[in-house]
Amino acid sequence: METVVSGIRPTGMLHIGNYFGAVRNFIQLQESYPCFFFIADFHSLTTHPTPGDLHGSVKRVLAEYLAAGLDPEKSTLYLQSDVPEVTELYLYLNMNAYLGELERVSSFKEKARSQPDNINAGLLTYPVLMAADILLHKGTRVPVGKDQEQHLEMARTFGNRFNRLYQAEIFPEPQAFSETKELVKVPGLTGAGKMSKSAGEADCIYLADPADSLNKKIMRAKTDSGPAAPGEQPSQAVQNLFDLMHLVCSSEVCAHYRETYNLGTIRYGDMKKQLAEDMERFIAPWREKISDILADDALLARTAALGAEKARASAAATLQEVRSLIGFRKFY
Ligand code: AMP
């Protein structure tokens, strides 16, 4: 049986990378499969948020999940911290996760480089917690962006290792999933890598961005001085703008700018203006929905309570099997 599991760290507002990499697939999958979608608030502790920031970000992601179309009746929509069983499974998996393999994970190496004064053990064992999130519900399909491919590989390693060690077929192999077949990588606006909050506010287009700041961010996005010769490949910054256009502009519009680029007559100002207009049309419906849901505390409370109940039932069933395989027996 297919089971879908995926989560997003609450680090403020959701950006369109989160939407195209993950949430868009959640909405489609909830129609066909049992789905567990969570807010990864334990994961977010690696960066030491204040209590106020943590709660505010969790509330935002919950509201944004609902605004994007997640249905708490169809899928299980929950806060990771409402399901303490995940920390128990994390502990068991940690016993068979090795320092060498964890140190080799690219996201760890990248974080260790970018925040050398906060290389904590939580960061090192991040892929183990992620594996626990998935294996907790015996997940088989994990809708994520391209940046999570290596973490998924590790989740398979840890699940298989546990199966082998205890000679059981308890955990199926989780596979990364995207409806577009290829895993998605949405580039940021500052010309570097994937769209990411850690690259700064100017890098991200948020689902709730007000129209004026959206416009400013796109108009300020990096470009270059144009193709030096016909047929020359665009710079990374300009390719990123083309990639963003493909997400929200019509194919005619994309083809038009590609052609003017090839002819050397492209005006980046016009291209960005077009992208800003189409992006505004794309995110505008969410802006209002998100602020309505954020003001509806009763809806948020109902959603979180229902999700916690359903997620804990699934988690408790897995943990009972896991404990028994490991050899914990009750004396009373
Ligand atoms: P995170 O914000 O790192 O918790 O990521 C939550 C989800 O969004 C994961 O499935 C990521 O793969 C996805 N995601 C985050 N940033 C991007 C991006 N720039 N492009 C595609 N997917 C992304």
Might you check whether a residue that is in contact with a Phe, Trp or Tyr (Cβ under 8 Å, 6 or more places away or on another chain), basic (Lys, Arg) and more than 12 Å from the ligand (Cβ to nearest atom) occurs anywhere in region 197-216? no
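Quick grid of which residues meet (1) of a type outside the set (Phe, Trp, Tyr); (2) closer than 28 Å to Pro49 by Cα; (3) surrounded by 15 or more Cβ atoms within 10 Å (Cβ to Cβ):
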| site | (1), (2), (3) |
| --- | --- |
| Phe108 | no, yes, yes |
| Arg113 | yes, yes, no |
| Leu123 | yes, yes, yes |
| Val128 | yes, yes, yes |
| Asp147 | yes, yes, yes |
| Ala155 | yes, yes, yes |
| Arg161 | yes, no, yes |
| Leu165 | yes, no, no |
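If I go through region 63-92 residue by residue, how many of them are part of a helix (DSSP H, G or I) and closer than 22 Å to Arg156 by Cα? I'd like the intermediate steps shown before the answer.
Keep residues of region 63-92 that are part of a helix (DSSP H, G or I), which gives 63-68, 80-82, 85-92.
Within this subset, residues satisfying the condition of being closer than 22 Å to Arg156 by Cα are 80, 85-92.
Residues flagged as part of a helix (DSSP H, G or I) and closer than 22 Å to Arg156 by Cα within region 63-92 amount to 9.
Might you let me know whether region 313-323 holds any residue that is assigned to a helix (DSSP H, G or I) and closer than 28 Å to Gly12 by Cβ?
So in region 313-323, the residues assigned to a helix (DSSP H, G or I) come out as 313-323.
Now restrict to residues that are closer than 28 Å to Gly12 by Cβ: 315.
Yes, the conditions are met somewhere in region 313-323.
Mind checking which helices (runs of 4 or more DSSP H) fall wholly inside region 93-162 and carry at least 3 residues that are within 14 Å of the ligand (Cβ to nearest atom) and not hydroxyl-bearing (Ser, Thr, Tyr)? It would help to see each step written out before you state the result.
Numbers: elements: 99-103, 106-114, 121-124, 126-135.
Here the list reads 106-114, 126-135.
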Taking first residues from region 226-246 that are touching a residue at least 40 places away in the same chain (Cβ under 8 Å) and second residues anywhere that are of a type in the set (Val, Ile, Thr) and surrounded by 15 or more Cβ atoms within 10 Å (Cβ to Cβ), the pairs with Cβ under 6 Å that are 6 or more apart or on different chains are Ala237/Thr223
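Listed here are the residues, each with its yes/no results for (1) closer than 26 Å to Pro210 by Cβ; (2) in contact with an Asp or Glu (Cβ under 8 Å, 6 or more places away or on another chain); (3) free of Cβ contacts under 8 Å to residues at least 60 places away in the same chain.
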position: Ala295; (1), (2), (3): yes, no, yes
position: Leu300; (1), (2), (3): yes, no, no
position: Ala305; (1), (2), (3): no, no, yes
position: Ala311; (1), (2), (3): no, yes, no
position: Ala315; (1), (2), (3): no, yes, no
position: Thr318; (1), (2), (3): no, yes, no
position: Glu321; (1), (2), (3): no, no, no
position: Leu325; (1), (2), (3): no, no, no
Take the residues in region 1-56 that are small (Gly, Ala, Ser) and within 11 Å of the ligand (Cβ to nearest atom), then tell me which one is surrounded by the fewest Cβ atoms within 10 Å (Cβ to Cβ). Gly12
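Of the residues Thr190, Thr223, Thr180, which single one is in a loop (DSSP other than H, G, I, E, B), more than 16 Å from the ligand (Cβ to nearest atom) and hydroxyl-bearing (Ser, Thr, Tyr)?
Values: Thr190 fails: more than 16 Å from the ligand (Cβ to nearest atom); Thr180 fails: more than 16 Å from the ligand (Cβ to nearest atom).
Just a single option satisfies the conditions, and that option is Thr223.
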Would region 278-297 turn up any residue that is open to solvent by 50 Å² or more (accessible area, probe 1.4 Å) and in contact with a Pro (Cβ under 6 Å, 6 or more places away or on another chain)? no
Asn262 meets each of (1) assigned by TED's automatic domain parsing to the domain that holds Val86; (2) among the polar types (S, T, N, Q); (3) touching a Pro at 6+ places or on another chain (Cβ under 8 Å) with one exception, condition (1)
When Ser178 is run through (1) buried (at least 21 other Cβ atoms within 10 Å of the Cβ); (2) touching a residue at least 24 places away in the same chain (Cβ under 8 Å), the failure sits at (1)
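The values are calculated or read from the model by the stated rules, or taken from the named source; none is laboratory data. No experiment lies behind these values; they were computed from the predicted model shown. Neighbour counts are summed over all protein chains in view; Cβ atoms, including those assigned to glycine, are modelled from backbone coordinates with ideal geometry. Keep in mind that these areas ignore ligands, DNA and RNA; they rest on the heavy atoms of the full protein, side chains included. Shrake-Rupley method; radii C 1.70, N 1.55, O 1.52, S 1.80 Å.
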